Amino acid sequence: MALEREGTGGTPDPEDITVRDPVSAPDAKGRPRRVTRRFPLFTRDTARPEGGGRAAGGDAPAPARQWPVIAVVLLVGLGLLLTALDVFRWGTVLIGVALLAGAALRWMLPDVGMLAVRSRFTDITTYAVLGLSIALLALMAQPKPVLEIPFLKDTLHFTVS
């Protein structure tokens, strides 16, 4: 990693740093934010996901800056707790609803912090498909399913027989 530092000792001024490493991610003005140790053969640069900025200002405490992901994780944790306490169906429905809420937050808010992992479209699609699948499967779980889909029952009998 080649860095040229002007001056002596201490942390250099960002304007005094010249980055020769093509992998370093520059900010909007072209200055390096950080230097990376990634192997430059495959990845030349990695951009932060759209919407990956803080959900609150930098002066807010860490939980307030990341409230969308904390809300989703708390709902999933509550769902897992309900599942562990033998309320399986409603615990897993809550897990699915938490993922659907994550998809809605990713869609509606411009900055969601660490809830943004990939592109906005991919995040929304992933959260929505997984959340809907988990919620529907929880509603169809035996015994006494809340939701019955006839063709799935026929498909199961066809594949098992």
Handout entry: Yes/no for Arg118 being of a type outside the set (Ser, Thr, Tyr) and more than 30 Å from Gly58 (Cβ to Cβ)
Key = no
Handout entry: Test result for Ala141, modelled with pLDDT under 90, out of contact with any His (no Cβ under 9 Å at 6 or more places or on another chain), assigned by TED's automatic domain parsing to the domain that holds Val73 and surrounded by fewer than 16 Cβ atoms within 10 Å (Cβ to Cβ)
Key = yes
Practice task
Find the residue count for the range 57-84, including only residues that are more than 20 Å from the chain's Cα centre (by Cα) and either in a helix (DSSP H, G or I) or of a type in the set (Asp, Glu) (or both).
Solution key: 5
Handout entry: Among the residues listed as Val35, Val87, Val93, Val23, the single one being at pLDDT 85 or above, among the aliphatic types (A, V, I, L, M) and under 25 Å from the mean Cα position of the chain (by Cα)
Key = Val93
Fill in the blank from the handout: By residue number, the members of the range 112-144 that are small (Gly, Ala, Ser), part of a loop (DSSP other than H, G, I, E, B) and either in contact with a strand residue (DSSP E or B) (Cβ under 7 Å, 6 or more places away or on another chain) or over 18 Å from Trp90 (Cα atoms) (or both) are Ala116, Ser119
Practice task
Considering every residue within the range 119-132, establish whether at least one is crowded, with 19+ Cβ neighbours inside 10 Å, closer than 30 Å to Glu148 by Cα, among the small types (Gly, Ala, Ser) and within 12 Å of the chain's Cα centre (by Cα).
Solution key: no
Problem - Of all residues making up the range 56-72, the number that are without any contact (Cβ under 8 Å) to a residue 40 or more places away in the chain, surrounded by 13 or more Cβ atoms within 10 Å (Cβ to Cβ) and either under 13 Å from Tyr127 (Cα atoms) or of a type in the set (Gly, Ala, Ser) (or both) - result: 4
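The values are calculated or read from the model by the stated rules, or taken from the named source; none is laboratory data. A quick note: this is a predicted structure, and the numbers were derived from the prediction, not measured. For neighbour counting, all protein chains shown are included, and Cβ atoms are generated from backbone atoms with ideal geometry for every residue, glycine included.
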